[in-house]
Each structure stands twice: as structure tokens, then as C-alpha cells.
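A short reminder: the numbers here are calculations on the coordinates, not readings from a lab. These numbers come from a predicted model, not from an experiment. Cβ placement follows ideal geometry from the backbone for every residue including glycine, while neighbour counts extend to all protein chains displayed.
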Amino acid sequence: MAQLYSNLKFLRYTDHLEALRVQRVVAPVHIRIKPMNHCNHDCWYCAYRVSNLQLGEDIDYKDTIPRAKMFEIVDDVIAMGVQAVTFSGGGEPLLYKPLPEVVQRLAEGGVRVATLTNGANLKGKVADAFADYGTWVRVSTDAWDDASYAKSRNIRVGEFSQLLNNMTNFSARQSKCVLGVSFIVDGTNCTHLYDACVLLKNAGVNHVKFSGVVVSNSGAENNLYHSKIRETVTEQIEKSRTLADEHFSVINHYHDLDERFQKQYQSCPYLMFLTVIGADLKVYTCQDKAFTVSGTLGSIAKRSFRDFWFSDENRQRLFGLNPSKECVHHCVSHAKNQAILDLLSIDPEHGVFV
Ligand code: SF4
């Protein structure tokens with residue numbers, strides 16, 4: 001099975017690496033668009049909803065990107081040569097009414113499209129759109145039965161069965177769109193990871209990616225939380241791997257979170273590869289700093305995304321951000337940043353001695 005996840009995808013974009021060397025702004029390869037902040041679930045660990053985590057200090061749950069503005073962004077994205085768009089939260093992206101049309105317009109404009117979702121609305125027209133035009137859909141979950149799902153998300157009992165139905169129906173389609181699951185591991189579900197994988201495999205899911213829940217802005221506090229369950233999690237993930245075959249795999253991203261908190265570097269090269277547009281019409285550095293002041297690159301409420309992206313204001317911010325001071329919290333792109341900075345630091349005279 002070809003690899004879907006890698007920290008080395010940036011190596012395919014030599015123009016972006018060269019732009020970083022000379023501090024030139026080029027269009028991002030990938031954009032995350034958060035179309036609305038309303039969500040139909042209330043996960044206990046949601047970084048946009050709990051007060052002790054970095055994300056979302058400025059979030060307004062009523063915000064949504066107006067339809068006309070969304071299509072303006074879509075046209076910019078296509079014109080700029082952006083390669084991929086992922087829809088995510090903020091809120092639940094599949095509740096955004098114009099999404100089927102947006103997905104179609106992007107795909108017909110040559111942009112690959114994907115979504116993160118809780119899967120409750122993975123049905124009807126929006127499921128049709130992703131089945132027809134999507135590259136992947138990734139359902140975020142954390143449960144193994146109706147009761148555990150209802151408890152972790154503060155929703156009615158029965159929704160987990162409905163979710164499995166939605167995934168079964170989606171995976172049964174004749175579609176190239178890859179259906180994956182992002183499973184958030186915590187102290188409650190850690191003894192049920194194998195059970196969950198059996199159900200998800202039976203629902204036709206292509207892969208399950210395990211990640212540890214983030215419970216604090218402090219790496220040490222996260223490690224303390226996970227140190228108590230790590231052995232159990234490791235056993236469960238190994239057991240889950242016995243389910244792997246040509247149609248199903250288990251991906252282990254449950255690693256030490258601590259290293260993702262402290263940064264020694266003074267620039268973030270990943271900003272040139274991926275950016276985030278929020279439902280509040282602000283452009284943010286990344287998903288770890290969305291809806292925060294320190295993650296704000298600027299506003300596109302009164303200007304187009306393309307105009308903003310290539311502005312001097314954005315250039316100053318992109319090359320001025322200092323992660324060692326401004327990002328002392330979880331960063332999903334930490335390993336990628338380290339790899340890019342390592343590559344850029346090679347002395348060309350000595351780089352030939354491979
Ligand atoms: S270092 Fe990480 S958290 Fe900071 S801006 Fe870059 S990607 Fe975001």
C-alpha cells in the first residue's frame with residue numbers, strides 16, 4: 001500500500017524550498033479552510049472549546065464564511081495554483097450548506113479536496129460530492145460503542161451506530177476517495193482500541209490513525225497523562241495491527257508529545273507550505289494557532305485572499321514569526337519544520353559529499 005502520511009512530502013516542492021532560501025512568498029501548496037465554527041458535537045478534549053488549551057481563544061461559534069466570499073476564495077485558490085484544500089473545524093465542516101458546490105468547483109479547477117469530519121453528516125449530497133471529487137475523508141472518533149461515544153461528545157446514545165452506518169455506506173461506493181479514521185486515544189478508550197478497529201474495519205475504513213489526546217499546553221503534563229496509559233496503548237495498537245491486510249492498515253502516531261512543544265528554531269518554514277483560513281475570515285499560520293492572536297497572519301474580510309497572501313504585511317509576518325518564542329505549545333508540524341530547516345542549513349560546498 002502506498003504511503004499516505006509522511007513528514008517528507010515537502011521535498012516534492014523544490015520551488016517552495018528555493019523561495020524560503022531567498023525569503024520570497026509563493027502560493028501555499030495546501031490550505032485548510034474552516035467554513036463554519038458551529039459544531040453538532042461537544043468533544044471533551046476539543047481544543048477549540050476547552051479553556052486550558054492553546055487553540056481557539058478568539059473563536060466565535062456563530063462565525064461562518066459567507067457563500068459569496070467562499071467562492072471568491074475558491075477562485076483565488078484555483079488561480080494561485082494551490083494544490084490541495086482540506087476542510088476542517090472550527091466547527092463541523094460537513095454542516096456547511098454550500099460545501100457540495102464548493103468541492104465540485106475546486107476539483108474541476110484542478111485542486112485536490114479532502115475533509116476532516118465527525119462523520120455525523122457524511123451522507124446525502126455532501127457525501128456524494130466527496131465520493132465524486134474527494135481525495136480523502138477522515139473521520140475523527142474516540143469511541144467503541146454508543147455509550148462511550150455519547151459520553152465523550154455529549155450527544156445522544158445511538159450516534160455511534162449511525163456513524164458506522166454512514167461509513168459503511170460511504171465505503172461501499174465506487175469511489176477513489178479514501179475513507180480513514182483519526183482515533184484520539186485517551187485514558188477511557190485505551191483498553192478498547194482493538195475493539196474499535198474491528199468495527200471500523202468492518203465498516204470499510206481504509207486505515208485507522210491513532211494519536212494521543214492533547215490535554216494541556218504543557219508537554220510535561222501531556223506526558224504525565226500518557227505515561228499512565230502508554231503500555232496499554234502500545235499493546236492495543238500492536239494487537240490492532242494484526243487486523244492489517246491489503247484493504248486496511250493501522251498507523252501509529254501515538255508517540256511522545258513532549259518534543260512537539262519546545263522549539264529551538266526562530267522561523268517556521270512550514271508556513272510556506274500550509275496555511276489556514278478561518279470562518280472569521282482571518283488567515284492563520286496553522287491549525288495549532290487558529291483563532292488566536294499569535295497565530296493571526298491577517299484579515300481577508302475586506303480584501304481577497306490572493307491580494308492578502310502576496311502582500312508585504314503577510315510577507316513580514318511569514319518570515320518574522322519566531323516559534324521559539326511564539327509557539328511554546330503543541331505543534332503538529334514540528335518534525336516537518338526540523339527536517340526543512342535541516343535541509344536549508346546544508347552548506348552547498350559540502351552538500352555534494354552525500
Ligand atoms: S512552529 Fe508550528 S505552531 Fe508555530 S506557526 Fe509554525 S506550524 Fe504553527
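The distance between label points at GLN104 and ALA301 comes to 3.2 nm (points 7 Å beyond Cα on the Cα→Cβ vector).
Footprinting exposure proxy ranking of TYR61, TYR48, TYR254, fewest other C-beta atoms within 10 angstrom first, gives TYR61, TYR48, TYR254. Note on VAL328, VAL126, VAL354: ascending count of other Cβ atoms within 10 Å places them as VAL354, VAL328, VAL126, the fewest first. Using 20 Å as the cut-off for backbone N distance, which residues of segment 7-42 belong to the label zone defined by a point 7 Å from the Cα of ARG173 along Cα→Cβ? Of the residues in segment 7-42, 33, 35 have backbone N under 20 Å from the label point off ARG173. As a calculated quantity, the FRET efficiency between LYS123 and VAL50 at R0 = 30 Å, using C-beta atoms, amounts to about 0.55. Would you be so kind as to identify which of ASN118, MET80, ASN322 lies farthest towards the positive end of the dipole of the chain, taking Lys and Arg as +1 and Asp and Glu as -1 on Cβ and the Cα centre as origin? With unit charges placed on the Cβ atoms, the residue in question is MET80. Using a simple spin-label model with pseudo-atoms 7 Å out from Cα toward Cβ, ASP347 and GLN23 lie 2.3 nm apart. Share of pairwise Cα-Cα distances greater than 32 Å in the chain is 30 percent (whole percent). Per residue of the chain, the DSSP helices (runs of n ≥ 4 H) give a summed -39500 (n - 2.57) that works out to -10500 deg cm²/dmol at 222 nm. Only the Cβ atoms of Lys and Arg (+1) and of Asp and Glu (-1) were treated as charged; on that basis the dipole of segment 78-188 about its Cα centre amounts to roughly 180 debye. The spacing between segment 120-177 and segment 72-107, judged by their C-alpha centroids, is 20 Å. Neighbour counting of Cβ atoms within 10 Å sorts the residues PHE353, PHE170, fewest neighbours leading, into PHE353, PHE170.
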